[in-house]
Amino acid sequence: MKPINPLRLLLICVILAVAGWSATVVTSRYSMATPVLPLTALATMGVIVAITLVLGIRVLRWRNSHKPNSTAKKTHLDPLLAARTLVLAQACAYAGTVLLGWHVGIFLDQLRVWSLRSDQSITWLALAMAGGGLVMIVVGLVVERFCRIPPEDGDPNLDSKKGRPARGEAAGEGEYAYRGD
């Protein structure tokens, strides 16, 4: 599995910011409700972030206990759990990017009518949702980093740079904690 490309996240965020801004312009033109998530979505984002962090810390503890000079008790990490943690971290980052982009677009549209409205709750709600999306991105990227393991000593794939790389290995990419060997 390849690591998340930050430029791809940025591109998704910009595209969704334009989409969020456009949707807000259209809905306000037709006197419809602004397409922003309710405040309860922040609680859902918090639960997703907490679960991702807990699972990521579990993988990090396993990774740190398997260092060569470590005196910690050697435990076994279920490879499926590590793979699921990695997928959850990447999904968290992508979902956070979508939420951040959409709500930044809404926030930017709401800023232009800031002084005309007496109730700015939609603006603050869009800003809170964008902040929640940003937290999801950061946690997703950090937990993805937790799932990376350093190359092992004497790894034959690293000693000989001839020929094709091993399956799943690309230039400059490390392996993740769920080795399928």
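Bear in mind that the values in this text are calculations on the coordinates, not laboratory data. No experiment lies behind these values; they were computed from the predicted model shown. Quick reminder, even Gly has a Cβ in these numbers, built from the backbone with ideal geometry, and neighbours come from all protein chains shown.
So, in nm, how far is label Ser121 from label Ser28 when the simple model puts each one 7 Å beyond its Cα toward the Cβ?
It is 1.8 nm.
Over the range 13-59, what lengths in whole Å, largest first, do the semi-axes of the equivalent ellipsoid take, defined as the square roots of 5 times the eigenvalues of the alpha-carbon gyration tensor?
Value: 33, 14, 4 Å, ordered largest first.
Given R₀ = 41 Å, what would the calculated FRET efficiency be for Val142 paired with Val113, taking r from the Cβ atoms and rounding to 0.05?
Working: r = 36 Å, r/R0 = 0.89.
In this case the efficiency is close to 0.65.
Which cross-chain or sequence-distant (5 or more) residues have an amide H under 5 Å from the amide H of Ile149, H modelled 1.01 Å from N in plane?
Hits under the 5 Å cutoff: Glu175, Tyr176, Ala177.
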